[in-house]
Amino acid sequence: MRSFIQTSSLICSLLVFVACATKAVGAVNKVDHGVTKEIALANFSSDQLQQGQNLFESSCTQCHKLFEPNSRDASKWNNVLDRMLPKTSLSAEEGKLVQAYLLANSK
Ligand code: HEC
């Protein structure tokens, strides 16, 4: 009986661990909502913004037309990116560049 309880609690811990680990992978694609248009402009070079634009144009056209950066404000873009970045194969770093480009040119 004792070992049954121990085994069950071990399996339980494992399940919790797996659930958390899987969640952490998804969370990598969540953008930092503290980034505003001003912060994006101040912290990213024009080179990085250009890279962000290239990634945006190549990765965000797979399913629909390109949305104009100035069609939304920074906080709308952050919400959209939380949903859209996981649909792309962009890394967390590349996602930040796309975010910076969109926010720098947002409404
Ligand atoms: C795998 C397909 C796919 C990819 C890749 C994708 N999208 Fe989308 N996108 C969708 C679908 C489906 C919708 C409509 C449903 C929805 O809003 O979730 C949508 C909707 C949108 C909208 C309108 C949503 C709103 O609420 O205003 C914007 C803006 C957008 N996508 C931007 C992007 C950006 C930026 C990227 C690149 C980072 C991207 N999408 C990549 C599938 C995709």
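What do you get when you divide the Cα radius of gyration of the stretch 27-107 by 2.2 N^0.38 Å, with N the number of residues?
0.95
For ASP32, what is the net charge nearby, where nearby means another residue's Cβ is under 13 Å from its Cβ and Lys, Arg count +1, Asp, Glu -1?
With Lys, Arg at +1 and Asp, Glu at -1, the neighbours total 0.
For ASN79 and SER91, compute 0.36 nm times the residue count separating them, minus their Cα-Cα distance, and round to one decimal in nm.
Full-extension gain reported as 2.5 nm.
Using a basic spin-label model with each label point 7 Å from the Cα along Cα→Cβ, how many nm lie between PHE67 and ILE39?
Each label point is offset 7 Å from its Cα along the Cβ direction, giving 2.0 nm.
Which Cα, out of GLN53, ASN79, SER91, lies furthest along the positive dipole direction of the stretch 31-104 (beta carbon charges, K/R +1, D/E -1)?
The one lying farthest along the dipole's positive direction is ASN79.
Each reported figure results from applying straightforward, stated rules to the coordinates on display, with no laboratory input. All of these numbers come straight from a predicted model, not from anything done at the bench. Note that each Cβ is placed from the backbone with ideal geometry, even for glycine, and that neighbours are counted across all protein chains shown.
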